[in-house]
Every structure is written in structure tokens, then in C-alpha cells.
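Student: Encoded as C-alpha cells, here's the structure I'll be asking about.
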């Protein structure tokens with residue numbers, strides 16, 4: 001039985017960049033332990049020949065790209081697909097942003113499952129050219145992929161307007177269950193357990209950063225708000241707008257990539273604030289559920305399906321300000337929210353359940 005999975009569409013493993021890389025690392029390790037051969041394509045800076053290494057028994061194909069940014073990613077994806085044409089096995093492409101290149105695999109007769117991620121062309125940060133590119137590639141990905149994965153029921157509904165629903169399997173993102181963390185981490189930020197709330201996301205308009213910071217800062221809270229993210233107010237007007245709206249109770253430590261630190265900040269927070277308005281099953285929201293957070297989230301179908309009745313929801317600055325006024329001191333409400341969120345996490349988002357669902361899909365689609 002052919003159990004060789006090749007993973008395209010990410011920068012590589014071990015994870016250093018985001019949700020898809022974390023998922024790919026978890027999936028690769030899980031499948032390797034269950035007897036699969038795994039190949040992961042990895043983007044490297046610079047120039048030169050393609051090389052291979054092994055990490056935890058997983059084959060990594062390193063493709064050097066001299067360009068940086070979005071263009072570098074496009075070049076990497078093309079080179080990875082071109083290399084993959086000589087490989088045999090089942091392919092998993094994470095994201096559809098360069099699905100046009102996967103047409104080469106379809107023409108070659110390779111079997112490719114595409115995780116269609118979120119509705120990228122709706123994101124506010126992109127200009128008209130980028131939105132058009134993503135829209136075209138979403139359409140192409142739906143047609144080119146032998147099968148599609150949606151990470152949220154609403155994403156599946158959206159894709160079903162492009163192709164038959166029978167071509168789509170819904171499997172959400174996963175997360176680790178966190179039952180303890182180091183309280184010593186808090187001292188470096190001048191924080192005390194449960195006397196701060198937290199936001200963790202890319203600081204972009206569609207993630208409601210301004211609304212959340214402005215609402216929190218509209219009153220004296222006797223409480224801290226920790227805002228994790230890479231802010232560059234000298235070059236980004238939106239970042240400056242967010243930071244200018246902040247009271248002296250808001251802390252901007254920057255982007256933090258140490259998972260133990262981020263885990264502790266989630267675990268000891270009073271509330272996790274989640275402002276994403278576009279997307280499917282957001283990794284950071286799932287990780288907040290896994291850490292047992294009480295969650296206040298933007299009110300939209302994506303977030304409501306993930307957290308369910310366990311969260312409090314806001315639609316704008318005014319409604320969030322009222323929620324904070326009512327909820328920061330309501331200990332029983334916080335306990336109820338945490339319990340409901342923890343139950344929802346166990347029901348849907350534990351890695352074992354998510355990765356097992358992927359393996360079953362791969363077994364169905366593996367080449368003979």
C-alpha cells in the first residue's frame with residue numbers, strides 16, 4: 001500500500017511561521033509514527049541547488065529562493081511543484097494562493113488534496129491586483145484539486161458554490177490542551193495572573209485591533225490589556241492609529257514566537273479577545289480554547305461555530321466596551337465561559353481527532 005504523503009504550500013518544518021506550518025509539523029510527526037513516508041517542501045533563503053535533509057525521520061526538500069516576501073513565496077511554490085512532478089505518492093497542498101501551478105500536477109495525473117484555507121480575496125489588507133489573483137486561484141483550486149478540505153462549515157458552504165459538496169471534506173484546525181504553564185513568565189511583563197486580558201493576532205483592520213483597543217481604553221479598567229503583534233507605527237498608519245488609541249493600561253510587547261511564553265500569557269489571562277472577522281477555523285482561537293481561556297469574540301458565523309455558546313460576542317466598539325464593563329469582575333460568568341469553551345475544545349479540536357480525520361481521508365485517496 002502506497003503511504004507516501006508529500007506536503008506543499010508551506011515554508012517548512014519545524015514550524016516557525018504560522019498555523020499551517022504548525023499543522024504540517026503535527027501531521028507529519030503523527031503520520032510518520034503510523035508508518036507513512038512523509039516529504040515536506042521547505043523554503044530557504046539564498047540561491048543554489050535543491051538539497052534534502054531528514055528531520056525526525058521526515059524527508060525535507062529544501063528549495064532556495066533569492067527573492068523575499070510574496071514574490072519569493074510564489075517562486076518557491078512554482079519550484080516545489082516542478083520538483084514534485086517527478087515524485088510518486090499522495091499530495092497535500094496547504095492553501096490555494098498559487099493553485100494555478102498545481103495544474104501541472106493535474107496534467108501529470110498526480111492526486112492532490114488541497115486545503116482551501118480562508119477566503120483570502122475578502123481580506124482588507126490586499127489591493128485590487130492581489131484580490132483578483134486570490135479570487136482566480138480559489139476558482140482554479142476548486143477545479144484542479146482532486147479533493148478539497150475546508151476547515152470550517154461556512155468555508156465548505158462557500159466552496160460548495162464553486163463545486164459539488166461531495167468534493168469537499170470539513171476538517172477543522174487542531175490545538176493542544178494546556179493544563180498548566182509557568183507563572184514566572186508573567187513577571188517579565190509586570191503582570192499578575194488573571195489581572196490582564198490578551199489579544200494575539202496580526203495587527204490588521206480585519207482583525208478589529210482598533211475597535212478592541214479603543215473599547216478597552218474608553219474607561220479606566222484597573223486591568224491590563226496585552227496586545228501581541230508586530231507593530232510598526234512609523235511605517236504603518238493603521239498600527240499608529242491603534243497605538244494612539246491605547247490607554248496606559250495597554251501593553252504592546254511586540255510579536256512573541258516563544259510558544260512557552262505565549263502559552264503562559266493565554267493560560268493566565270482573564271479574557272482572550274478575538275477580533276477576526278474573515279476566515280475559517282482560526283488557529284489562535286482554537287489555541288485559546290485549548291488553554292482554557294474565557295473568550296470575547298467578534299460576532300460572526302466563523303467565530304460562533306468555533307466557540308459556540310461559551311463565548312461572549314461583540315459587534316462594534318460600543319458593544320465590546322459594555323461587555324468589558326459587565327464582565328471583567330463577574331467571576332461566575334468567567335468560570336462558566338471557561339468550562340463551556342473547554343468542553344467545545346474536547347468535542348472538536350484536539351489534535352488526535354483532527355489528525356485521525358486527515359489520515360482517514362488520505363487512506364481513501366492514496367494512489368494504488
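Student: Confirm whether residue 179 is more than 30 Å from residue 362 (Cβ to Cβ), modelled with pLDDT under 95 and not in a helix (DSSP H, G or I).
Tutor: Answer is yes for this residue.
Student: If we keep just the residues of the range 253-276 that are in contact with a strand residue (DSSP E or B) (Cβ under 8 Å, 6 or more places away or on another chain) and surrounded by fewer than 18 Cβ atoms within 10 Å (Cβ to Cβ), which is modelled with the highest pLDDT?
Tutor: 253
Student: Just the residues that are in a strand (DSSP E or B) and either within 22 Å of the chain's Cα centre (by Cα) or on the phi > 0 side of the Ramachandran plot (or both), please, taken from the range 39-59.
Tutor: 39, 40, 41, 42, 43, 44
Student: Does any residue of the range 201-209 turn out to be over 24 Å from residue 280 (Cα atoms) and either in contact with a strand residue (DSSP E or B) (Cβ under 7 Å, 6 or more places away or on another chain) or not assigned by TED's automatic domain parsing to the domain that holds residue 273 (or both)?
Tutor: So the first thing to find is which residues in the range 201-209 are over 24 Å from residue 280 (Cα atoms), and the list is none.
Scanning the range 201-209, I find no residue that is over 24 Å from residue 280 (Cα atoms) and either in contact with a strand residue (DSSP E or B) (Cβ under 7 Å, 6 or more places away or on another chain) or not assigned by TED's automatic domain parsing to the domain that holds residue 273 (or both), so the answer is no.
Student: Pick from 188, 118, 127: which is in the same structural domain as residue 260 (by TED's automatic domain parsing) and at pLDDT below 95?
Tutor: The conditions single out 188.
Student: Moving on. Would you check if residue 227 is farther than 26 Å from residue 126 by Cα, in contact (Cβ under 8 Å) with a residue 12 or more places away in the chain and either assigned to a helix (DSSP H, G or I) or touching a helix residue (DSSP H, G or I) at 6+ places or on another chain (Cβ under 7 Å) (or both)?
Tutor: Values: farther than 26 Å from residue 126 by Cα: no; in contact (Cβ under 8 Å) with a residue 12 or more places away in the chain: yes; either assigned to a helix (DSSP H, G or I) or touching a helix residue (DSSP H, G or I) at 6+ places or on another chain (Cβ under 7 Å) (or both): yes.
No: the conditions fail for residue 227.
Student: What's the number of the only condition in (1) surrounded by fewer than 17 Cβ atoms within 10 Å (Cβ to Cβ); (2) at pLDDT 95 or above; (3) part of a helix (DSSP H, G or I) that residue 213 fails to meet?
Tutor: Of (1) surrounded by fewer than 17 Cβ atoms within 10 Å (Cβ to Cβ); (2) at pLDDT 95 or above; (3) part of a helix (DSSP H, G or I), only one is false for residue 213: (1).
Student: Here is a follow-up. Among 80, 70, 28, 84, which is at pLDDT 95 or above and farther than 23 Å from residue 363 by Cα?
Tutor: Testing whether each residue is at pLDDT 95 or above and farther than 23 Å from residue 363 by Cα leaves just 80.
Student: Can you tell me which residue is farthest from residue 329 (Cα to Cα) among those in the range 242-282 that are assigned to a helix (DSSP H, G or I) and without any contact (Cβ under 8 Å) to a residue 40 or more places away in the chain?
Tutor: In this case the residue turns out to be 259.
Student: A further question follows. Which residue, of 220, 178, is surrounded by fewer than 19 Cβ atoms within 10 Å (Cβ to Cβ) and either touching a residue at least 60 places away in the same chain (Cβ under 8 Å) or farther than 22 Å from residue 294 by Cβ (or both)?
Tutor: Answer to the selection: 178.
Student: Of the residues 33, 52, only one is in contact with a strand residue (DSSP E or B) (Cβ under 9 Å, 6 or more places away or on another chain), within 20 Å of residue 4 (Cα to Cα) and at pLDDT 95 or above; which?
Tutor: Only one candidate passes the filter, namely 52.
Student: Only one of these is touching a residue at least 40 places away in the same chain (Cβ under 8 Å), more than 13 Å from residue 96 (Cβ to Cβ), in a helix (DSSP H, G or I) and over 21 Å from the mean Cα position of the chain (by Cα): 140, 186. Name it.
Tutor: 186
Student: Do you know which of the residues in the range 93-115 that are part of a loop (DSSP other than H, G, I, E, B) and touching a helix residue (DSSP H, G or I) at 6+ places or on another chain (Cβ under 8 Å) is farthest from residue 174 (Cα to Cα)?
Tutor: 110
Student: Let me ask something additional. Starting from residues that are in contact (Cβ under 8 Å) with a residue 40 or more places away in the chain and more than 15 Å from residue 295 (Cα to Cα), keep the ones in the range 326-351 and report whichever is surrounded by the most Cβ atoms within 10 Å (Cβ to Cβ).
Tutor: 349
Student: What are the residues in the range 191-205 that are surrounded by 18 or more Cβ atoms within 10 Å (Cβ to Cβ), at pLDDT 95 or above and part of a loop (DSSP other than H, G, I, E, B), if any?
Tutor: If the condition is that a residue be surrounded by 18 or more Cβ atoms within 10 Å (Cβ to Cβ), at pLDDT 95 or above and part of a loop (DSSP other than H, G, I, E, B), then 191 is the only one that fits.
Student: Given the criterion closer than 22 Å to residue 13 by Cβ and not in a strand (DSSP E or B), identify the matching residue among 74, 163.
Tutor: 74 is the lone residue from the list that is closer than 22 Å to residue 13 by Cβ and not in a strand (DSSP E or B).
Student: Please determine, by comparing only the residues of the range 116-129 that are in contact with a helix residue (DSSP H, G or I) (Cβ under 9 Å, 6 or more places away or on another chain), free of Cβ contacts under 8 Å to residues at least 40 places away in the same chain and not in a loop (DSSP other than H, G, I, E, B), which one is surrounded by the most Cβ atoms within 10 Å (Cβ to Cβ).
Tutor: Ranking the qualifying residues of the range 116-129, first place goes to 120.
The values are calculated or read from the model by the stated rules, or taken from the named source; none is laboratory data. This structure is a prediction, so every number in the text was calculated from the model and none was measured. We place every Cβ from the backbone using ideal geometry, glycine too, and count neighbours over all the protein chains shown.
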